[in-house]
RNA sequence: GGCCUGUUGGUUCAGUUGGUUAGAACGCCGCCCUGUCACGGCGGAGGUCACGAGUUCGAGUCUCGUACAGGUCGCCA
């Protein structure tokens, strides 16, 4: 039976009772975390978002009726207690903020009873995700989830206050916009008024924020929901939140400066970490060469080394044939793993194959100094010596070598490096290595589309000194783009935008857009640029990933209140679901499902 | 779409070379208990071992398929 809270007003959250004077009367409300019934004395741990507070029910204080009511309290009952703040009669509980206090209950109302929850509401729950997500509203009661969600709210507040002080304006952009097939798959929304036409949900407010610069707003920020209809990952959800910004009359230095100070501020105010600014910077080429990744985790070494020159004339054709333009032979030295068994090595080879390698060569230098090498019979001893020398390997080390197209070699060794680094515990969770990765390639060749695609987006400014190569060697042109990387995660990225007609036109040409198609898709932006466009630049963060780092979450789901699972469905609400025939008819939509194979 | 992993009372797990009645902890229910805080004591309920097929005298255990979940490659301008 539920009682009303009429006449009662909550005076404190549970943990806030430490601020109430001793022997004062308080009214607290929350969920019963635990009850300990000692017969003539009942303890209840009351929980709300602030923490836990012990309530003590004694028949002498609360009376017979109240005491009997207290004995019916079960897990997750919602109760209101009026009582006196007193020092604990027994031992203090050093694990609780309120551990020296308790509330001597004078009256009790049971505001809501609860069925036994499907899993225990407790910190560090081991309950499987499936169940947690089905009962997300219960999962969110757990203290670690509460901390994450509260932290995210705090980060958003810090961003807003910092950026407001820096002169940024928060401006909303449409959620219903025009579909642009470049890039990620759009979520489409059918139009009722225009049968057969569709809106798209934004993948990012990119075009609108550039238009806002054209309109003279100067400095824009938005905490913007974004949608991408692509497959999920541990750090990827189909809907997520960006901290999106754009600035006029600036260059790279201005954007980096304000963002370094923003991140320093956030990390200080949330977890008290002093981030050193300015951040290190690393050109994309260097990041790939040294770490095999455009988002390197620089907390540990195990860097890649190019050994192409050492093996270009060797007898092992897998190596020698890979020494051409665009291909190479590279290696990492996994220190201390020289004594791995055959099975473990085979596992690494399989791992490498998952990233497109045909195989993985290895050279083990066992602790006793003997060598075991998968390609020894093709090599002279002095050639092996040269490799060991280049890799600075010593007894007990393991050299892993990949050969082939640069992109594959980087992918394979970059992934192996991270895998081994994780396994060997080389990543200090308390270290925050921020890094700007700069000078990205402007274009990326797509085998699928058989044309160059914009690596960032088609409005990214090329580097002036490379622009001359745009016709002769488009792949070598670098962009004025920058990513902000933290411990191997891409937190955000941005670029200087093109604001010159002729460069923009050339970009579309290189990307294979006809004038008509460019105009059809981006006409409103190109039109706007005809009426006076300020030089501008911007950046967008993945807010969820940022918060993941701040709270040390392994999954992006742990920082989103109502996330979706791997197949993009919501286990709690059942979305997506079928809709009424009537709704479809209004939208002039017929569903044509592929026939199921038997 | 590919690959890997998992699915056993409400929850988390154990379950040997395939063998007789599938165990534990927590939770839940009842009784006792005035200083507990992972309260304690006594007693109890609760499982077609995800689903389907197969191998076998016999399957929680082996094989195949399906479903669901997790990770990952492709994908994510």
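A few points about this structure:
- So residue A:34, is it touching a helix residue (DSSP H, G or I) at 6+ places or on another chain (Cβ under 8 Å), assigned to a strand (DSSP E or B), within 14 Å of RNA strand B (Cβ to nearest atom) and assigned by TED's automatic domain parsing to the domain that holds residue A:99: no
- Options A:181, A:202: the member that is within 12 Å of RNA strand B (Cβ to nearest atom), out of contact with any helix residue (DSSP H, G or I) (no Cβ under 6 Å at 6 or more places or on another chain), in a loop (DSSP other than H, G, I, E, B) and modelled with pLDDT of 95 or more: A:202
- Scanning the range A:517-530 for any residue that is more than 13 Å from RNA strand B (Cβ to nearest atom), more than 32 Å from the chain's Cα centre (by Cα), assigned to a loop (DSSP other than H, G, I, E, B) and closer than 30 Å to residue A:249 by Cβ turns up at least one such residue.
- Residue within the range A:10-25 that is more than 10 Å from RNA strand B (Cβ to nearest atom), surrounded by 15 or more Cβ atoms within 10 Å (Cβ to Cβ) and assigned to a strand (DSSP E or B) present: no
- Test result for residue A:294, touching a residue at least 40 places away in the same chain (Cβ under 8 Å), closer than 27 Å to residue A:475 by Cα and outside any strand (DSSP E or B): yes
- Residues (assigned to a loop (DSSP other than H, G, I, E, B) and either on the phi > 0 side of the Ramachandran plot or modelled with pLDDT under 95 (or both)) located in the range A:302-334: A:302, A:312, A:313, A:314, A:315, A:316, A:321, A:322, A:323, A:324, A:325, A:326
- Here residue A:132 meets each of (1) part of a helix (DSSP H, G or I); (2) within 13 Å of RNA strand B (Cβ to nearest atom); (3) over 24 Å from the mean Cα position of the chain (by Cα); (4) free of Cβ contacts under 8 Å to residues at least 60 places away in the same chain with one exception, condition (3).
- The single condition from (1) in contact (Cβ under 8 Å) with a residue 24 or more places away in the chain; (2) assigned to a loop (DSSP other than H, G, I, E, B) that residue A:466 fails is (2).
Condition check ((1) without any contact (Cβ under 8 Å) to a residue 60 or more places away in the chain; (2) surrounded by 14 or more Cβ atoms within 10 Å (Cβ to Cβ); (3) farther than 28 Å from residue A:558 by Cβ; (4) within 16 Å of RNA strand B (Cβ to nearest atom)) across all residues:
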site	(1), (2), (3), (4)
A:221	no, yes, no, no
A:227	yes, yes, no, yes
A:246	no, yes, yes, yes
A:255	no, yes, yes, no
A:258	no, yes, yes, no
A:267	no, yes, no, no
A:279	no, yes, no, no
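- Failed criterion for residue A:555 (all others in (1) assigned by TED's automatic domain parsing to the domain that holds residue A:241; (2) within 11 Å of RNA strand B (Cβ to nearest atom); (3) free of Cβ contacts under 8 Å to residues at least 60 places away in the same chain hold): (3)
- Among all residues of the range A:59-71, there is none that is touching a residue at least 12 places away in the same chain (Cβ under 8 Å), buried (at least 16 other Cβ atoms within 10 Å of the Cβ) and under 44 Å from the mean Cα position of the chain (by Cα).
- Being more than 16 Å from RNA strand B (Cβ to nearest atom), touching a strand residue (DSSP E or B) at 6+ places or on another chain (Cβ under 9 Å) and more than 30 Å from residue A:277 (Cβ to Cβ) holds for only one residue in A:408, A:391, A:420, and it is A:391.
- Residues of the range A:87-105 that turn out to be surrounded by 16 or more Cβ atoms within 10 Å (Cβ to Cβ) and either within 24 Å of residue A:68 (Cβ to Cβ) or within 8 Å of RNA strand B (Cβ to nearest atom) (or both), as a count: 7
- Evaluating residue A:144 against the criteria (1) assigned to a helix (DSSP H, G or I); (2) surrounded by fewer than 16 Cβ atoms within 10 Å (Cβ to Cβ); (3) over 25 Å from the mean Cα position of the chain (by Cα) leaves one unmet condition, (3).
- Residue ID - farthest from RNA strand B (Cβ to nearest atom), chosen from residues in the range A:446-469 that are over 18 Å from residue A:536 (Cβ atoms) and in contact with a helix residue (DSSP H, G or I) (Cβ under 6 Å, 6 or more places away or on another chain): A:469
- Search result, residues across the range A:527-553 that are within 17 Å of residue A:153 (Cβ to Cβ) and touching a helix residue (DSSP H, G or I) at 6+ places or on another chain (Cβ under 8 Å): A:543, A:544, A:545, A:546, A:547, A:548, A:550, A:551, A:553
- Any hit, the range A:504-518, residues being farther than 21 Å from residue A:449 by Cβ and either assigned by TED's automatic domain parsing to the domain that holds residue A:204 or modelled with pLDDT under 95 (or both): no
- Any hit, the range A:559-568, residues being more than 30 Å from residue A:154 (Cβ to Cβ) and either within 16 Å of RNA strand B (Cβ to nearest atom) or surrounded by 12 or more Cβ atoms within 10 Å (Cβ to Cβ) (or both): yes
- Cross-chain or 6+ apart pairs with Cβ under 6 Å, the range A:106-122 first and within 14 Å of RNA strand B (Cβ to nearest atom), then in a strand (DSSP E or B) and at pLDDT 95 or above: A:106/A:82; A:106/A:83; A:110/A:79
The values are calculated or read from the model by the stated rules, or taken from the named source; none is laboratory data. What you see is a predicted model, and the numbers here were worked out from it, not measured in a lab. Cβ atoms come from the backbone with ideal geometry, glycine included; neighbour counts cover every protein chain shown.
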